[in-house]
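The values are calculated or read from the model by the stated rules, or taken from the named source; none is laboratory data. All figures in this text were calculated on a predicted structure; none of them were measured in a lab. Here the Cβ is made from the backbone with ideal geometry for all residues, glycine too, and neighbour counts use every protein chain on show. SASA here: full protein model, heavy atoms, side chains in, ligands and nucleic acids out. Shrake-Rupley method; radii C 1.70, N 1.55, O 1.52, S 1.80 Å.
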Amino acid sequence: MNIPPFGVERWFVKYEFKVSLNIAESCIQPFTVRELCELCEEDPADLIDLRVGYADGLGSEDLREAIAAMYPETSPANVLVTTGAIEANFLVAQALLGSNSRAVVEFPAYQQLYSVPASTGAEVRLWELREDNLYHPDLDDLERLDPAGEPLAMLTVNHPHNPSGARVNAEVLGSIHEFVASRGGVLHSDEVYRGLTLGDQYQASPSARDISPDAAVVGSMSKAYGLSGARIGWIAGPEALVRRCGEIRDYVSICPPAQSERLALMALRNREKVLDRNKAIARRNLRILQGFLGRNSDVVSGPVPHEGVICFPRYHRPPGDRRPLPPSREFCGRLAEERGVLLIPGECFEREHHFRLGFGYDTEKLDAGLAVLEQYVDEVLRS
């Protein structure tokens, strides 16, 4: 497989466990097992007797039923439980693409979503989500990128969007599905942040399976549900595609871990309680982030998300100051090495003079990290 290093993940390997204030994580604050059991009114002692052995290669029937219940026209036969969303996205690309196929992927994006398709030998066209359009999909741009009459194997979307947090509405998602279906392809939708809304006035983003049972949806317990270490994700899609993904997964991870499946099932059976806990953390932390952005709007700007716990601000000089900017790898590297605060440089998303910031973790650490960042931008961008 000819594939480049994964920028975001290599950055985490370099710094994640060496800094004191990590405000780069893209997940909500993880549960402890005890905390999850208490919220779900389960006895933690019941987990001790779980046998540490191989599990069902498709995922347990109970868990696939719980996942299927979140989507219309979906049964356990339409669901494959995977080792996180990252395995699910990998399997979908491997199942749908090859050297004589073509894919369209939203961009900027989590690098896996375009690097893995390219590694199959497929032609990959990047559908740019523009900052001046708040990273919302522009259907006219899509039509220009991919003229009618050319076959298309897969079109990948990711909303709420990583790294910007931008949402998509049902009307636009329906038009995207019509576009890819008219070219004979599959709509592949990474929806790992779905449900983590940041205000009561916002509904969760629609699922592509709300639009069509032909869509292939990827979900995860990591981002919105607070179980990132459990490494449980899934594919919900057409039965033939799900079956093919299962056949490929035999070569990768064989089966999901039974203990993690048990935690995931507990959380999904108490989905409203879990999301209420997580939305409370995200909304409290969003207010802190908005304060930071407001105080520093002369040097840091960009759209604030309505769903999920990541944003992708641009950094710049104050108005009238034309001095060159430090590249994002230098900007974020110095912050990590000299101040102990972790951000993801925009370079990891092939977008310079940006950084990805996560605001879903511990509130005190976010507050402390933003205080250091505020002093840093004053010194580096204003002084």
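What accessible surface, in Å², does a 1.4 Å probe find on residue 254, ignoring ligands, DNA and RNA and rounding to the nearest 10?
About 90 Å², ignoring ligands and nucleic acids.
Given H placed on each backbone N at 1.01 Å, which residues far from residue 82 in sequence or on other chains put an amide H within less than 5 Å of it?
When sequence neighbours closer than 5 places are left aside, the close amide H contacts are 233, 234, 235.
Stick to Cα atoms and the Kirkwood definition of Rh, then tell me Rg/Rh for region 45-196.
1.02
Restricting to DSSP loop positions (anything but H, G, I, E, B) with no more than 15 other Cβ atoms inside 10 Å of their own Cβ, which chymotrypsin sites (Phe, Trp or Tyr not before Pro) remain in region 1-108?
Within region 1-108, the qualifying chymotrypsin sites (Phe, Trp or Tyr not before Pro) (loop, at most 15 other Cβ atoms within 10 Å) are 17, 54.
Given a 1.4 angstrom probe, what's the average accessible area per residue across the chain, in square angstrom?
Per-residue value: 42 Å².
May I ask you to derive the FRET efficiency for residue 38 and residue 243 from their Cβ-Cβ distance with R0 = 45 Å, giving the value to the nearest 0.05?
0.70
Would you kindly derive the ³J(HN,Hα) couplings of region 241-246 from the backbone phi angles with the Karplus curve 6.51 cos²θ - 1.76 cosθ + 1.60 (θ = phi - 60°), listing them in order in whole Hz, with x for Gly and Pro?
Karplus-based 3J(HN,Hα) across region 241-246 equals 5, 4, 4, 5, 4, x Hz.
Report the Stokes-Einstein translational diffusion coefficient (µm² s⁻¹, integer) for the chain, Rh taken as the Kirkwood radius over Cα pairs, at 4 °C with viscosity 1.567 mPa s.
Once the numbers are plugged in, D ends up at 60 µm²/s.
Along region 352-369, what does the Karplus equation 6.51 cos²θ - 1.76 cosθ + 1.60 (θ = phi - 60°) give for ³J(HN,Hα), rounded to whole Hz, x for Gly and Pro?
6, 6, 10, 8, 9, 10, x, 10, x, 8, 3, 4, 5, 5, 4, 4, 5, x
For residue 321, what is the net charge nearby, where nearby means another residue's Cβ is under 10 Å from its Cβ and Lys, Arg count +1, Asp, Glu -1?
Local net charge: +3.
Which longest uninterrupted range of the chain lacks any trypsin sites (Lys or Arg not before Pro) assigned by DSSP to a loop state (not H, G, I, E or B) and surrounded by at most 13 other Cβ atoms within 10 Å?
With a cap of 13 other Cβ atoms within 10 Å, the longest stretch comes to 131-321.
Straight-line reach from residue 279: which aspartates and glutamates have Cα under 17 Å away, leaving out those fewer than 8 places along the same chain?
Output for residue 279: 25, 35, 191, 200, 307, 362, 364.
Using a 1.4 Å probe over the heavy atoms of the protein chains, calculate the carbon and sulfur portion of the accessible area of region 223-262 as a whole percent.
Carbon plus sulfur share of accessible area: 54 percent.
Take the chain, mark every one of the GluC sites (Glu not before Pro) that falls in a DSSP loop and has at most 11 other Cβ within 10 Å, then report the longest stretch left between them, sites excluded.
Maximal segment without exposed cleavage sites: 74-383.
Taking 1 over the mean of 1/r across every pair of different Cα atoms in region 247-333, what Kirkwood radius in Å do you get?
Taking every pair of different Cα atoms in region 247-333, averaging 1/r and inverting gives 17.3 Å.
Return the long-range amide H neighbours of residue 340 (sequence gap of 5 or more, or a different chain), with a cut-off of under 5 Å between placed amide H atoms.
Residues meeting the criterion, in which the H sits 1.01 Å from N, do not exist here.
By a straight-distance test (C-alpha under 28 Å), which lysines pair with residue 14 as possible cross-link partners, with residues fewer than eight away in the same chain excluded?
Hits, sequence-local ones excluded: 223, 365.
Taking amide H positions as placed 1.01 Å from N in the peptide plane, with prolines and chain starts having none, which residues 5 or more places from residue 154, or on another chain, fall under 5 Å of its amide H?
102, 104, 186
Kirkwood hydrodynamic radius for region 175-301: how many Å is it when counted over pairs of different Cα atoms?
Across region 175-301, the inverse of the average 1/r is 17.1 Å.
Enumerate by residue number the chymotrypsin sites (Phe, Trp or Tyr not before Pro) in region 183-243 meeting two conditions: DSSP loop (anything except H, G, I, E, B), and at most 14 other Cβ atoms within 10 Å of the site's Cβ.
Hits after loop and neighbour filter: 202.
Stretch residue 46-residue 380 to full length: gain in nm at 0.36 nm per residue minus the Cα-Cα span?
115.0 nm is the gain from fully extending residue 46 to residue 380.
Report ³J(HN,Hα) in whole Hz for each residue of region 95-108, in order, from the Karplus equation J = 6.51 cos²θ - 1.76 cosθ + 1.60 where θ = phi - 60°; Gly and Pro get x.
These are the phi-based 3J(HN,Hα) values: 6, 9, 10, x, 5, 10, 10, 9, 9, 10, 9, 4, 8, x Hz.
With an 8 Å Cα cut-off and a minimum separation of 6 or more residues, compute the relative contact order for the chain in percent.
Result for the chain is 25 percent.
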